[in-house]
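What follows is a single structure, written as structure tokens, with notes after it.
The values are calculated or read from the model by the stated rules, or taken from the named source; none is laboratory data. Source: prediction; values computed, not measured. No Cβ is skipped: glycine too gets one built from the backbone with ideal geometry, and neighbour counts run over all protein chains shown. We work out accessible area using only protein heavy atoms, side chains counted, and drop any ligands, DNA or RNA first. Shrake-Rupley method; radii C 1.70, N 1.55, O 1.52, S 1.80 Å.
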Amino acid sequence: MSRIGRMPIAIPAGVTVEVAENNKVTVKGPKGTLERVLPGEMEIKVEGAEVHVSRPNDLKKMKSLHGLTRTLVNNMVTGVTKGFEKKLEVNGVGYRAAKAGKKLTLNLGYSHPVEMEDPEGIETVVEGQNVIIVKGIDKEKVGQFAAEIRDKRRPEPYKGKGIKYADETIRRKVGKTGKK
């Protein structure tokens, strides 16, 4: 059995989980509502204050879908209660981030400022001039938008300039040495 797939998901107070036909799961909570269609082969049951995911057989595909389905439902429950956030750091001389309304403006050493609009359901907060926090209830969207911001200027290995995740370590390289 999948160790992750076997574990029941506890439903906190104030959260409702509904499973419609074709495994369409709707999770409502204090922070909002998330909907997702999960693999039809998996059996999702709401029993009391817990959600159980079970698989029909032990084929390799079913085993891999089992843990995935359970994790997706768990992320939805976590999202509507606590929410998710990713922290990004902007490093480099003259590199800065600013926020105006729903627009995130990044100065990253290009000839023009890079402007990004917050997608629906995602909120960005700028702390100081070099810390960006991406918040939302959908883990996938938060991670995707954080990755898109990071892609505007990835950290380089010589000086460490660019946008990196707060928990990311950059492998540094030694630069050129002069001739004698």
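Annotations
- Filter result for GLU21 (of a type in the set (Asp, Glu), open to solvent by 50 Å² or more (accessible area, probe 1.4 Å), touching a Pro at 6+ places or on another chain (Cβ under 9 Å) and modelled with pLDDT under 90): no
- Condition broken by LEU65, with the remaining ones in (1) part of a helix (DSSP H, G or I); (2) open to solvent by less than 50 Å² (accessible area, probe 1.4 Å); (3) touching a strand residue (DSSP E or B) at 6+ places or on another chain (Cβ under 9 Å) satisfied: (3)
- Options LYS139, LYS164: the member that is charged (D, E, K, R) and open to solvent by less than 30 Å² (accessible area, probe 1.4 Å): LYS164
- Just one of the numbered conditions (1) more than 23 Å from PHE84 (Cα to Cα); (2) surrounded by 11 or more Cβ atoms within 10 Å (Cβ to Cβ); (3) of a type in the set (Lys, Arg) is not true of LYS60: (2).
- Index of the failed condition, ARG150 passing every other in (1) within 23 Å of ARG172 (Cα to Cα); (2) part of a loop (DSSP other than H, G, I, E, B); (3) of a type outside the set (Asp, Glu); (4) open to solvent by 40 Å² or more (accessible area, probe 1.4 Å): (2)
- Yes/no for VAL53 being in contact (Cβ under 8 Å) with a residue 12 or more places away in the chain, open to solvent by less than 20 Å² (accessible area, probe 1.4 Å) and among the β-branched types (Val, Ile, Thr): yes
- Residue list for the range 134-147, filter: farther than 26 Å from ARG172 by Cβ and either in a helix (DSSP H, G or I) or modelled with pLDDT of 95 or more (or both): LYS139, GLU140, LYS141, VAL142, GLN144, PHE145
- Residues of the range 104-122 that are surrounded by 16 or more Cβ atoms within 10 Å (Cβ to Cβ) and either in a strand (DSSP E or B) or not aliphatic (A, V, I, L, M) (or both): LEU104, LEU106, ASN107, MET116, ASP118, PRO119, ILE122.
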